[in-house]
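Bear in mind that the values in this text are calculations on the coordinates, not laboratory data. These figures come from a predicted structure and were not determined experimentally. Note that we place each Cβ from the backbone using ideal geometry, even for glycine, and neighbour counts take in every protein chain shown.
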Amino acid sequence: MSEDKQLYPKATTEDAKKKADLAPKQIEAWRTFSRAVFKEGVLDEKTKQLIAVAVAHVTQCPYCIKAHVPMARKKGASKEEIMEAIWVAAEMRAGAAYAHATIAMDAMDEN
């Protein structure tokens, strides 16, 4: 990889349009779904964005992180709240690895 290339290409409006043009029905369905999911309901929009920030870190999606951190801030989340959400995500990811050790223990007992 050349030095001027990033690991993840920058998301651009042109790329978004190209992707949408390749699957217009699917992108419209996705956009409708996304708007419905993030609309205030039982959970307020700030809480939903904090959840999105945490999930983005667990799934390790740089595009999601770059999109949802500013949105969380826009919806009123403090930097401390965002960082705390990230720590919850880190604990859940580490906890899941430890919990899955039960599967390894079971496999070890079979041999």
**Study point:** GNM top mover of GLU40, GLU14, GLU81 - the chain, alpha-carbon springs below 10 Å
**Key:** GLU14
Exercise for review: When a/c is below 1.5 the answer is rounded, else prolate if a/b is larger than b/c, else oblate, so apply that to the chain with a ≥ b ≥ c taken from the square roots of the Cα gyration tensor eigenvalues.
Suggested key: prolate
Practice item. Hand me the tally of lysine pairs in the chain: alpha carbons under 15 angstrom apart, and the pair either on different chains or 8 or more positions apart. Key: 15
Point to revise | Euclidean distance of C-alpha centroids, the stretch 38-71 and the stretch 92-111, integer Å | key: 29
Practice item. Once you've got the GNM for the chain with C-alpha springs shorter than 10 Å, pick whichever of LYS25, LYS66, LYS48 has the biggest mean-square fluctuation. Key: LYS25
Check your understanding: Using a simple charge model, +1 on the beta-carbon of Lys and Arg, -1 on the beta-carbon of Asp and Glu, nothing else, what dipole does the chain show about its Cα centre, in debye to the nearest 20?
Key -> 800
Point to revise | Max mean-square fluctuation residue, GNM over the chain, Cα-Cα springs under 10 Å, options THR59, THR12, THR47 | key: THR12
